[in-house]
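The values are calculated or read from the model by the stated rules, or taken from the named source; none is laboratory data. This one's a predicted model, so the numbers in the text were calculated from it and none came from an experiment. Cβ atoms come from the backbone with ideal geometry, glycine included; neighbour counts cover every protein chain shown.
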Amino acid sequence: NALVAAGRPAATRDLWTQQFGSWAPAARVAALNAARSTFSSLADAALAAHRGLITAEQRELDTWLRARAEALCGRVVQVQTDLFGNAPRLPRWQTLDEPAARLAAYATDGANAPASRREADGVLRLYEKRHKDLAARADARVLDPIPLGLLMLVPSGSTGGVR
């Protein structure tokens, strides 16, 4: 029993209503929920591993920045006041604790050699670019499934709307 006569198009009038309308919308929702549930168990573990890698990379990047700041600027100087409360005048980059701020202050201090100022600026630019990249990569999340369509198979023995 052929559904379509040779050379004649299949009639689709009321096909959806007759064959799929009563059950397909609920089945679509159930399929999306099943896909969401199944994938989330896989994705949650992958996301946790991904975030762990990003955190480790950020720690390594921060360690690198501290080492480069210390190599270019020296160790942080703790300012000691004398008996009368006077403190020596030191450049800001010698007393700042935060490595990026130290490098930025060092790069803008005209008393430093131009080559080392450029190096400090380059280190800071590399750090900021990599930090921005890591932040963008850390913003990973599981997206909702997107249905590609609905496969409509007409049950065997049905005329599929052909009369």
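At a glance:
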| item | result |
| --- | --- |
| Qualifying position, being over 38 Å from the mean Cα position of the chain (by Cα) and of a type in the set (G, A, S), among S22, S37, S41 | S22 |
| Spans of helices (runs of 4 or more DSSP H) in the range 16-128 with at least 1 residues under 30 Å from L153 (Cα atoms), basic (K, R) and touching a residue at least 40 places away in the same chain (Cβ under 8 Å) | 24-73 |
| Residue match in the range 148-156 (condition: buried (at least 16 other Cβ atoms within 10 Å of the Cβ), within 30 Å of T12 (Cα to Cα) and at pLDDT below 95) | yes |
| Residue among D44, D109, D62, D97 that is surrounded by fewer than 10 Cβ atoms within 10 Å (Cβ to Cβ) and out of contact with any Leu (no Cβ under 6 Å at 6 or more places or on another chain) | D97 |
| G74 vs. criteria on the phi > 0 side of the Ramachandran plot and at pLDDT below 90 | no |
